[in-house]
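See below for the structure under consideration.
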Amino acid sequence: MPSSSSAPVRIHWFARLEHRFHSWRERRARRRGRSATVVPFPGYGGPGWIRVVGRVLILPKSRRGGKDASVRGWRSFVGIPVSFATVTITVAGRTHEVAADRGGVIDCRIEAELDAGWQQVTMTVEGQEPTPARVFVVAEDVRFGVVSDVDDTVMVTALPRPLIAAWNSFVVDEHARTPVPGMAVLLERLMRDNPGSPMIYLSTGAWNVAPTLNRFLSRHLFPAGSMLLTDWGPTHERWFRSGREHKLQNLERLAEEFPNVRWLLIGDDGQHDEAIYGQFLIEHPDNVAAVAIRRLLPAEGVLAGRRAAARADGEQPEADDLAPWVSAEDGAGILDELIEVGVVRAEP
């Protein structure tokens with residue numbers, strides 16, 4: 001008799017429905033003569049390897065206006081994902097063929113010897129012109145890095161409330177989104193004091209908004225960094241992906257890929273960052289330099305559905321003793337706290 005491991009995998013009905021819907025959209029778009037393209041996202045790497053991320057989409061025709069033209073959030077979600085597309089990635093003159101997943105997302109590790117710092121690779125699909133993509137290669141002697149949440153940590157969004165999340169994500173013009181005061185200065189200071197260190201933006205936001213996020217970070221002078229977002233669609237087992245699981249898995253991966261790097265973890269108290277960082281700190285104390293939590297202002301806390309602080313409800317009772325924990329309402333306050341605990345050097 002066949003073993004139980006050979007039984008077919010049961011896929012959630014909503015995932016099957018979503019796949020059929022996008023397949024119908026793709027067939028319709030191709031009948032109109034439209035083709036797929038690769039949208040690259042900033043990746044990272046280390047000695048001998050890189051992690052390349054991007055997405056294969058059929059995009060709508062470019063709208064009129066320059067790069068600073070008004071862009072409503074919903075436009076980030078109208079691209080059609082191309083499932084299981086074959087993508088050719090060229091790194092240092094060598095080509096590699098990889099397959100996108102069901103949502104069109106490319107997330108692959110490629111063996112390659114590249115110099116430390118920002119490097120360029122190219123990605124192409126269906127014979128289109130190669131698209132440049134960037135990866136930040138971490139040198140072997142680097143010992144410090146920064147992982148930062150995005151929503152309500154670097155950008156004011158109040159995303160946990162569903163209706164407000166929908167309004168901010170789909171309706172609000174991207175130029176109307178505001179940065180958290182002082183966070184750009186804080187992150188730029190950290191990168192300046194620790195040259196060659198990786199900057200990772202780890203968010204539960206959808207890959208759809210990665211280009212918008214990249215423009216936001218550049219416009220408000222945040223340091224360039226790699227992006228690790230997620231696909232909001234259903235998985236094989238559930239209606240929607242777990243944001244907490246997404247963050248923990250990527251933190252675990254970073255700890256495995258960079259065992260000698262100690263990370264400064266930056267988040268906010270509007271949702272689960274304290275609990276996520278606390279759990280990671282307890283499991284990987286040697287990989288955490290400190291935890292910095294941005295306290296939401298009272299009005300933001302109401303909009304974001306702020307929970308009781310993790311320290312109050314016992315979610316990470318041991319974490320405070322393993323690495324410094326600091327908190328403040330903005331980047332300037334967090335910087336002062338980090339200087340006080342010795343994570344950042346005071347300027348003369």
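FYI, it's all coordinate maths here, none of it is from the lab. Since we're looking at a predicted model, the values are computed, not measured. Ideal geometry is used to build each Cβ from the backbone, glycine not excepted, and the neighbour counts take in all protein chains shown.
Here are some notes:
- What the pair-distance distribution of the stretch 193-233 shows, using all Cα-Cα distances binned every 10 Å from zero, is 28, 51, 19, 2 percent.
- Relative packing of 326-334, 52-60, which averages over residues the other C-beta atoms within 10 Å, highest first: 52-60, 326-334
- Cleavage-rule hits (GluC sites (Glu not before Pro)) in the stretch 88-134: DSSP loop, at most 15 neighbouring Cβ within 10 angstrom: GLU113, GLU126
- FRET E, pair ARG134, ASP321, Förster distance 45 Å, beta-carbon r, rounded to 0.05: 0.70
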